[in-house]
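Here's the structure we're looking at; comments come further down.
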Amino acid sequence: MNETITFNESDGTRHSRLTFLSNAFGLLCATLIGSIQGFTLVYYETVLGLNAWLVFLAMSIFLVYNGVNDPIFGFLIDRNLRFTRKWGRRFPWIVIGIIPWAFSVFLHFSAPTIATPANPWPAFWWLLLTLILLDTFGTIVNINYKAVQMEKFRTEYERRRFTKYYAPIDILAILLGMLLPSLFIDNTQPVAVQLADFSLMGGVVAIVALLFGILSLHGNREDKIMIDRFYSPNSVKRMKFLKVFKEALKSRTYMVYFIFATCLGIQITLVVVNVWYLTTYVLQAGTLTYFLVLGLNLLGTLISIPFWLRYIKKINNNKKALIVAGLASCAALFALSFFVGAIDLMILAFILGLAQGGLNSYIYTIISPSVTEDVIVKMGKNQKGVLFGISALLGRFVASIDELIIAVVHNVTGFLPGYPTYDAMAAVVSDMTPVLIGIRLLQGVIPALVLLLGVLVIWKFFPLTQERILSNKAKMQELGF
């Protein structure tokens, strides 16, 4: 199904700037919630006192649920229902899921009790339950949001143009996810105060996420052209769930991208989560330093986005651009473990942002849709939802690996849960040097090696050329997808 077909795309779009902007606001909602979830380990380990291994256990159990939940939801949603002709296939599900998804964030950071060595299970079960709620409603929203984005912005021109809106808003969402905790959380306060602060933070984030979710509704509406495609003969035909799953796993394009995206996700989460440990235990600084380090990193990313978009347009080679951006990020990451003080850490974080602007610009709006189209053309069935469900499973797989890496490093180096400041831990740990070395490695060397593995896999095995991308678009048009 993947022989090359000559296909020329137009450099134009029927969508207004408002549509591009509004759709991008949906990303802000998702990224903000995802950023706040990065504080799960900090909240449950250092504030509630839940052992890192129990956090890892909860994540692993949750992964089993996620492995069933996400692909099946994608399969069930990928069909025409009574409301499809009037309201669209994706839009109604986004409306249904957005409110409970936002409320689940508040619950996640409002555990009713702390963990004690004698009875850690109430906190453990609360973590597991709220993770399931977050994932269930997040899946309903995100699978459909990603599908709308891919179905609405179909050409390379539209996807690169959408990146101009998407990438800065992604940075804004991460910035909000970083700023809001710094406004509410003070790790020098007693545990009871920190518990109340986290709960308040969860409530505020839920309200902000819901607001931007509402602003995204205009950009997520499906017009008549999109709805008519759902009723084309080939779009109505469906493949059985296990067959779709099997076809995805057989796709070299999809599996190579899966490996790379997993490595990238591990790298991002390790770096973002570990900044809190770095500023608290290595620098022994407060939330202002934490904010400045991440803020300068995001500023570097934002500044570099126009350069990276010009670069990919100039070389017109998505794979090469991705590899260059990945190698630049690996080099910048490695240096992060060897900072001396706060100033050079901030400089290195800014440089890392400049490098990561490429990955931020390319992955989600340019590379990922092309990968999905490649699998759809191979299957001959327009069942994006199942593929997005499998991709959502990838996200939880990443979370579990992150927790495993952190748990192993913390265990080996002697990091103790339940001590939210350097002085508190130093009072019970005989030697803090291994603890601090472990935190440094988690910030730079370890995530750099993980990302490098993903880049090498892309370089060696990724088969998606520009010619094949255009050929897939021609076949999508021919099939009425």
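General observations
- Test: THR413 is surrounded by fewer than 18 Cβ atoms within 10 Å (Cβ to Cβ), of a type in the set (S, T, N, Q) and farther than 23 Å from THR163 by Cα: no
- Condition check for ASN472: assigned to a helix (DSSP H, G or I), among the polar types (S, T, N, Q), within 22 Å of GLU247 (Cβ to Cβ) and out of contact with any Cys (no Cβ under 8 Å at 6 or more places or on another chain): yes
- Restricting attention to the range 275-321, the residues being among the polar types (S, T, N, Q) and closer than 21 Å to MET425 by Cα number 5.
- Test: residue in the range 427-439 that is hydroxyl-bearing (Ser, Thr, Tyr), in a helix (DSSP H, G or I) and over 30 Å from PRO190 (Cβ atoms): no
- Yes/no for GLY202 being at pLDDT below 80, under 18 Å from PHE103 (Cβ atoms) and either part of a helix (DSSP H, G or I) or touching a Phe, Trp or Tyr at 6+ places or on another chain (Cβ under 6 Å) (or both): no
- Subset of the range 426-481 [surrounded by 15 or more Cβ atoms within 10 Å (Cβ to Cβ) and of a type in the set (Val, Ile, Thr)]: VAL429, VAL435, ILE439, VAL445, ILE446, VAL450, VAL455, VAL457, ILE458, ILE469
- Elements of type helices (runs of 4 or more DSSP H) in the range 332-426, at least 3 residues being under 21 Å from ALA448 (Cα atoms), over 23 Å from the mean Cα position of the chain (by Cα) and at pLDDT 90 or above: 342-362, 384-413
- Flag if THR301 is out of contact with any strand residue (DSSP E or B) (no Cβ under 6 Å at 6 or more places or on another chain) and closer than 30 Å to GLU158 by Cβ: yes
- Cβ-Cβ under 8 Å pairs, at least 6 apart or on other chains, the range 274-301 side within 26 Å of ILE363 (Cβ to Cβ) and surrounded by fewer than 18 Cβ atoms within 10 Å (Cβ to Cβ), far side at pLDDT 90 or above and not aliphatic (A, V, I, L, M): LEU299/PHE350; LEU299/GLY353
The values are calculated or read from the model by the stated rules, or taken from the named source; none is laboratory data. Treat the numbers as computed from the prediction; the structure is a model and nothing was measured. We place every Cβ from the backbone using ideal geometry, glycine too, and count neighbours over all the protein chains shown.
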